[in-house]
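Shown next, in structure tokens, is the structure this report addresses.
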Amino acid sequence: MLVKSFLGKKLARYVVSQTQKWSQSPIKTQEKVFWDLVKTAKNTAFGKDHHFAEIRNYEDFKARVPVRDYEGLKSYIERIQKGEKDVLWKGRPVSFAKTSGTTSGAKYIPLTKASLEHQISAAKNALLHYIEDSGNYHFVNGKMIFLQGSPELNTDSIIPVGRLSGIVANYVPSYLQSNRLPSYETNCIEDWEQKVEAIIDETLPQDMRLISGIPSWVQMYFERLHKRTGKKISEVFPNFSLFVFGGVNYEPYRKKFEELIGKKVDSLELYPASEGFIAFQDKQEEKGLLLLLDYGIFYEFIPAEEYYDENPTRISLKEVELGVNYVIILNTNAGLWGYNIGDTVQFTCVEPYRIV
């Protein structure tokens with residue numbers, strides 16, 4: 001067994017044991033996150049405006065902090081963009097993740113040192129959970145490709161701006177750098193058509209074992225590989241064994257992927273967002289993704305059918321029920337408060353808490 005495989009197995013066992021600790025005390029874990037968030041932000045502009053110092057319980061919090069979308073927080077975001085400190089979170093964000101909103105145009109989601117650390121650790125821990133669950137650790141000895149946005153940041157303003165996947169690319173752990181493709185230069189190509197061809201040039205001679213990205217991007221990559229070589233992906237990369245994806249429902253792509261790949265490979269689903277890393281698939285044979293309760297996010301839920309009511313039910317984790325369609329509300333260590341990201345989830349399990 002190679003060194004990376006050995007260390008990967010050891011680390012996987014440790015990380016899973018740590019996950020078991022917080023997942024077996026879910027309500028206590030969320031309460032700790034709640035109080036850490038409130039106390040840390042007590043003296044920010046938002047904390048003062050919403051009287052965080054007077055909060056004694058979750059009911060107090062709900063009475064002071066309304067549910068908002070991006071427009072509801074935009075005035076605070078604009079203050080941060082002008083250079084003001086201690087607005088939504090202590091200090092200033094390290095960067096803004098720029099996203100395309102359907103109603104608000106471009107959105108600038110703050111990323112703090114704390115929130116970025118949780119984004120990185122969640123992605124890493126998802127892979128380690130997969131190793132422990134599946135027993136497949138061989139992929140760490142080959143090459144891995146992460147199809148993502150450009151890692152170059154716009155530094156014209158006080159706080160750098162970029163796409164989340166590109167920002168995170170700047171924080172890939174050093175022990176993965178030698179395995180990781182494409183190169184920094186190729187990742188910086190803005191034109192997607194040109195970028196895919198450059199990625200193929202770099203990856204064709206390599207022992208690719210893990211391929212990750214939004215399914216639509218990966219499908220284009222696979223189709224171009226097939227066109228270039230005339231071969232199935234499993235023939236081009238015989239040791240390819242794990243497809244990692246997130247952001248969209250994989251099912252509409254599954255049949256096409258199986259045709260392109262030519263063999264069954266494991267898949268690992270992630271639920272990352274610019275606003276926080278919410279969940280990942282911790283078991284290959286279980287339905288649903290493990291809700292990450294110890295990663296800097298305090299979750300709230302509103303039954304979807306009540307969301308537009310004058311006084312909708314707004315609950316914390318301990319009150320959720322299986323099979324109910326909930327609007328998910330985030331409070332984060334990036335300074336998002338009562339924030340509706342526009343997603344709905346259902347719980348498939350509460351021991352531990354898993355969602356779809």
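Counting only protein heavy atoms, what percent of the accessible surface of region 195-262 is carbon or sulfur at a 1.4 Å probe? Percent of accessible area from carbon and sulfur atoms in region 195-262: 48. When the Cα convex hull of region 20-65 is projected onto planes of every orientation, the mean area is 3.2 nm². Gyration tensor analysis over the Cα atoms of region 227-267 returns equivalent ellipsoid semi-axes of 19, 12, 9 Å (largest first, whole Å). Per residue, the average separation of C-alpha pairs within less than 8 Å and at least 6 apart gives region 1-137 a relative contact order of 29 percent. Separation between the Arg68 and Lys255 pseudo-spin-labels, each 7 Å from Cα along Cα→Cβ, expressed in nm? Label-label distance for Arg68 and Lys255, simple model: 4.5 nm.
When peptides 187-193, 158-164 are sorted by average Cβ neighbour count within 10 Å, with the highest value leading, the order is 158-164, 187-193. If the chain linking Asp266 and Glu78 were pulled fully straight, counting 0.36 nm for each residue of separation and taking away their Cα-Cα distance, it would gain 63.4 nm.
Dipole check for the chain: with +1 at the C-beta of Lys and Arg, -1 at the C-beta of Asp and Glu, and the Cα centre as origin, the magnitude is about 980 Debye. Based on protein heavy atoms only, the chain ends up with 47 Å² per residue of surface accessible to a 1.4 Å probe.
Solvent-accessible area of Trp22, all protein chains in place: 20 Å² (probe radius 1.4 Å, heavy atoms, ligands and nucleic acids excluded). Each semi-axis of the equivalent ellipsoid for the chain is √(5λ) with λ an eigenvalue of the Cα gyration tensor; in descending order they amount to 36, 24, 19 Å. Each Cα pair under 8 Å and six or more residues apart adds its separation to the average, and for the chain the resulting relative contact order is 19 percent. Relative contact order for region 110-237: 27 percent, from Cα pairs under 8 Å spaced at least 6 residues apart, divided by residue count.
Let me make sure I get this right: for region 272-356, a, b and c are the square roots of the gyration tensor eigenvalues over alpha carbons, sorted descending. Under 1.5 in a/c it's rounded, otherwise prolate if a/b > b/c, else oblate. Which is it? It is oblate, given that a/c is not under 1.5 and a/b is not larger than b/c.
Taking each full run of DSSP H in the chain as one helix, which ones are at least 18 Å long along their axis (Cα atoms) and have mean Kyte-Doolittle hydropathy of at least -0.5?
3-23, 26-40, 113-134
Between their Cα atoms, which of Lys39/Lys287; Lys10/Lys85; Lys9/Lys90; Lys98/Lys231; Lys143/Lys227; Lys263/Lys287 are more than 32 Å away from each other? Beyond 32 Å: Lys39/Lys287; Lys10/Lys85; Lys9/Lys90; Lys98/Lys231. Extending 7 Å from Cα along the Cβ direction at Asp60 and again at Val248 yields two label points whose distance is 4.6 nm. Distance between the 7 Å Cα→Cβ label points at Asn136 and Ile214: 2.4 nm.
Length available on full extension from Arg224 to Thr29: 0.36 nm per residue minus the Cα-Cα distance, which gives 65.6 nm.
Rg/Rh for region 188-296 to two decimals, with Rh computed the Kirkwood way over all alpha-carbon pairs.
1.00
Extension gain, Ser234 to Thr40: 0.36 nm times the residue separation minus the Cα-Cα distance gives 64.9 nm. Against the empirical 2.2 N^0.38 Å (N residues), region 1-136 has a Cα radius of gyration ratio of 1.34.
The values are calculated or read from the model by the stated rules, or taken from the named source; none is laboratory data. The model shown is predicted, which means the values in this text are computed figures rather than measured ones. With ideal geometry, Cβ positions are generated from the backbone for all residues, glycine too; neighbour counts draw on all protein chains shown. Remember, those area values only see protein heavy atoms, side chains included, never the ligands or the DNA or RNA. Shrake-Rupley method; radii C 1.70, N 1.55, O 1.52, S 1.80 Å.
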